[in-house]
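> There's a structure below that I have some questions on.
The values are calculated or read from the model by the stated rules, or taken from the named source; none is laboratory data. Worth saying up front: this structure is predicted, and the values here are computed from it rather than measured. Because the Cβ atoms are built from the backbone with ideal geometry, glycine has one as well, and the counts that use them run over all protein chains shown. For the accessible areas, the whole protein counts, side chains as well, though only heavy atoms, and no ligand, DNA or RNA atoms are used. Shrake-Rupley method; radii C 1.70, N 1.55, O 1.52, S 1.80 Å.
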Amino acid sequence: MGITKILLFALVALPIWSAEQVLLRTGFAIRCESHTSDGETVFLQTGSGVVSIKASEIAGFELEEVFAQPILALTISTAEIPKSQRVLTAPVLTTKELIDNAARTYGIPASFIHSVVQAESGYNVNALSPKGAIGLMQLMPATAKSLGADPNDPKQNVEAGVRHLTDLLVRFKDDPEQLRKTLAAYNAGLGAVEKYNGVPPYQETQLYVEKILNRYNYLRK
């Protein structure tokens, strides 16, 4: 009689918690854990700290249930099952799915992130610029390191790039030139934008900002 081989799979339930999407009148959103208000000012508790924003700039709030990823438990009753058959692999996401998921997580329109990726790398996961920028979001190694990401991993590359864009959008949240300054800072660095109080007079950066905004407006329509 042959050796019995039994595979037992079980989904382990994990906790559910709530987060909020703060819908801004600009069409963007900020993801936060909770919020409080004091008169005309609303304070948002985010993963990186507390952000204050004028109540008049908020269109509304949406409660979001966040599910932790289920754990797939595997029990094997025999050691004779080939090792290759015991490996569980996560589903491979397409580039579009990686971008859409990251945009959803940080409350940024996916069309905005797609416009940035198109300009940065043309959707080439292996893109490498002469200056050393890497991957879909063209992260510099130092920037990726500061965000705790491996720029050569497409998923981490996209998530880190979107997180960096989110931080810049929050920084310029009260500025009428929010999108232009955010894109300029992503391309030329925050220091250059602060030095010139706007898009710096670099032809590359100026063309970059206009290219992305034109693409974004096109996709929105």
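> Taking the full set of protein chains and a 1.4 angstrom probe, give the accessible area of Ile30 in square angstrom, rounded to the nearest 10.
We get 20 Å² for Ile30.
> Tell me the carbon and sulfur percent of the accessible area for region 152-221, rounded to whole percent, probe radius 1.4 Å.
Result for region 152-221: 45 percent of the exposed heavy-atom area is carbon or sulfur.
> Okay, next question. Mind scanning Lys131/Lys221; Lys54/Lys145; Lys54/Lys211; Lys145/Lys173; Lys145/Lys181; Lys96/Lys221 and naming the pairs with a C-alpha gap bigger than 27 Å?
Lys131/Lys221; Lys54/Lys145; Lys54/Lys211
> Could you state how much accessible area Tyr123 has, in square angstrom rounded to the nearest 10, with a 1.4 Å probe and all protein chains kept in place?
Solvent-accessible area, nearest 10 Å²: 80 Å².
> Can you list the GluC sites (Glu not before Pro) in region 154-221 that are in a DSSP coil and have 16 or fewer other beta carbons within 10 angstrom?
The qualifying sites are Glu177.
> Please compute the per residue accessible area over region 99-221 with all protein chains in place, 1.4 Å probe, rounded to a whole number of Å².
51 Å²
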